[in-house]
Structures are given as structure tokens and as C-alpha cells.
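A short worksheet on the structure shown next.
The values are calculated or read from the model by the stated rules, or taken from the named source; none is laboratory data. Because the structure is predicted, anything quoted here is derived from the model rather than measured. Don't worry about glycine lacking a Cβ; one is built from the backbone with ideal geometry, like all the others, and counts go over all protein chains shown. Heavy atoms of the whole protein, side chains included, go into the accessibility calculation; ligands, DNA and RNA do not. Shrake-Rupley method; radii C 1.70, N 1.55, O 1.52, S 1.80 Å.
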Amino acid sequence: MSKNNEFLNVQELKNGMVIKKDVIKSGKLLIKEGSIVTEELIVRLNKAYFLENIEVDTSKELMPKSAKEVEIQKVEETFKEISTGLKEMFAKLDKTKENKVNDLRAFSEKIQKELNSTEIVINTVVFKGSGEDSIYRHGVNVATLSALLGKWIGLEQSKINLLIYSALLHDFGMTKLEQKISEKPDILIEEKYKGTKQHAKIGYKYVESIPYLDKAVSYGVLMHHEREDGSGYPLGITGEKIHYFAKIIAIADELDVMNSDEAYKNERGPFEVLEIIKEKSLNKLDYEYSKIFLEHLASYYMGEDVLLNTGEKAKILQVNTNNLSRPLILKDGEFIDLSKNKHIYIKELILN
């Protein structure tokens, strides 16, 4: 057991602690492993008259809202700084390739430093997307999400470093296309502009020639649009033939593109985006990586305030990864299972 894990009764629980093992009573799941302790969760346990001790991680305490907002702003500023640096590096990449590994290493270190506050990073990257910047901030977001997934699937540190390099560079080729094309995310415009499908090859050509850079980095760039069923590009390869860096980047890329397009996101709602990743994991994206990604992400939606289609506000208490868009919520003191109340759905997250 981790040194931060303790067995506490319901009365000893505090906001921000993390449930480390499914809480079960009479064979029924009350609280899923990974849930963050909130006032509402404590109320739910009390109503169920749960008297046994619960294993929790006590290292994570819920920050006051003002402090959380400050932390989010700090992460946002760091990511803007990295985005600017990435833009400057891209502008010089075709002129000189010297010291680019040092630049990538510096960017990677900054990103990984922020990953110590995963909750804040999720709020900044996953919930908000990359906005209008579909190349540089998008690259930073994809690198961040890729690093998180790499960590969750158990990659060693040296591989995570290389994965971040690859994700930062994955859309470099878009900067070498005509300006009118590269202003939009590649996934959203690839059908309209067939020329965008060349960006993976173009990027690969530049990245593989960077001195002292591991070949895995260029493979991630080349293959990030390949799909498990062979429907991707530029090689049209399948399954095992796709480098695992590219499989990871593909998932992060899809999520950030969908979350960054406001019209797309507003039309579907925040959880529909996760549902699309889940659906694509059946034949397009790596199934195991997608499953791990969604299971971890889902826990960070717990405790978030949401706006319902009824115009009312509620709080997410529990997310079922088998039915992502229909979580358990708390509205005006009432527990509502959206899987059983089909007429109610989450319209949007209420963000800081």
C-alpha cells in the first residue's frame, strides 16, 4: 500500500481524497475506484449507512477555488510560452536542425513538470482544447495528453520523453502546406483538402534528419494518422505495423481536435467527444490504449459542475465508462442517474 493510502471511515473522509478501491455494499457498487471525495459523495455513503473503512489516497486535497484558478492560470501561461517557443522552432527547422533536440528536451521538461498537477492539466487541456491555434498550442496539448497516456500505460521515462518530442512535432508538416489549408486542424479538413494528407510524410522527412534524434520520434510523426483497420494514411498500414507512439498520438490528436472546435463540441456535448473516442477504439484507434485513456480521464470529470439541457446546474458524481455520456449527477440535493433519465442530458461543462 502506498504511504499516502489510509483506511478511513466515512466521517474521516475529506474533500479531494481519492478512493483507491471500489466501495461495495451487499454486492452493489456504491463508489468506483478513482472517484474524488466530495461533500456529495460523503452524503451518498452516509445515506447508504456504509460503516466499513474505505481505502483512500490522502495526498490530494481539494484546493480552494481561488487557488485552483491561480494554478490553472499558471499552467495556461506555461503552455502559451511553450507554444510560442514551438512556433519559433518550427520557423527555423528547415534552415538549421542543430540544437533542436535541446529545444525539444526543454519543452518536454516544462510539460512534465506541469503533469505533477494532473487535475489542473486536465482542466486546462482536455476541458478547454487548443482554441484557434491548430498547430502550436494543439501540438502542446497533444504532447501533454500523449505524456499522460504514456504514463498511464506504464512507459518508462525515457520513452515518455521521446513520445513528447514526437507529439510536439506531429503536425510540423502542416506548416509547409499552403497557408489557407494549414489554418484548420488536419482531421477536420483532410476530406476537403486531399493535400493535407501529405503533411505526415513532409513532417517525417524533416524530423528524421534532425541529428541525434531517436527514430521512434519520426515514426510517430509519420504514422499518427494511420488507423488500426488500415483506413489511415499515408501508408495504409494496420495494427502491429503502426508504431505505438503513433497509436498514442492518434488518440490525443483526435480528442484535442474535437474539444478545440467549439461548434463541433457544442453540438455534441462534452461527453459525446469521449464516446466518439470509445467508438473509434473498436476499429480505428488502439482499443487497449483508448480504454486506459478513457478510464483515467473519466475520473477527472467527477466533481465538475455542468449545465443540463433543462437549463439547470448539477454536479457530476460518478462516470460509468460503459455509458460515458450518462453519469450520476447531483441536482438540488437529488441524485439523478442519467442512464435512467434519458430526457435529461449534459449540455456543457461549467469551467472556471
Single unsatisfied condition, residue 273 versus (1) closer than 30 Å to residue 228 by Cα; (2) touching a residue at least 24 places away in the same chain (Cβ under 8 Å); (3) in contact with a helix residue (DSSP H, G or I) (Cβ under 8 Å, 6 or more places away or on another chain): (2)
Residue identified as in contact with a Lys or Arg (Cβ under 7 Å, 6 or more places away or on another chain), charged (D, E, K, R) and over 26 Å from residue 34 (Cβ atoms) among 262, 312, 240: 312
Count of region 79-93 residues which are farther than 14 Å from residue 138 by Cα and surrounded by 13 or more Cβ atoms within 10 Å (Cβ to Cβ): 3
Test: residue in region 341-352 that is open to solvent by 30 Å² or more (accessible area, probe 1.4 Å), within 19 Å of residue 35 (Cα to Cα) and modelled with pLDDT of 90 or more: no
Members of region 206-229 found to be more than 22 Å from the chain's Cα centre (by Cα) and either surrounded by fewer than 16 Cβ atoms within 10 Å (Cβ to Cβ) or of a type in the set (Asp, Glu) (or both), listed by number: 208, 209, 211, 212, 214, 215, 229
Qualifying residue in region 247-256 (condition: at pLDDT 95 or above, open to solvent by less than 50 Å² (accessible area, probe 1.4 Å) and over 18 Å from the mean Cα position of the chain (by Cα)): no
Residues satisfying the stated conditions in region 265-309, i.e. among the acidic types (Asp, Glu) and either within 30 Å of residue 39 (Cα to Cα) or modelled with pLDDT of 90 or more (or both): 272, 275, 279, 286, 288, 295, 304, 305
Number of the condition not met by residue 69 [criteria: (1) open to solvent by 60 Å² or more (accessible area, probe 1.4 Å); (2) in a loop (DSSP other than H, G, I, E, B)]: (2)
Count - residues of region 127-175 that are in a helix (DSSP H, G or I), open to solvent by 10 Å² or more (accessible area, probe 1.4 Å), over 16 Å from residue 243 (Cβ atoms) and in contact (Cβ under 8 Å) with a residue 60 or more places away in the chain: 2
Strands (runs of 3 or more DSSP E) fully within region 288-348 counting 3 or more residues that are in contact (Cβ under 8 Å) with a residue 12 or more places away in the chain: 305-308, 313-318, 328-331
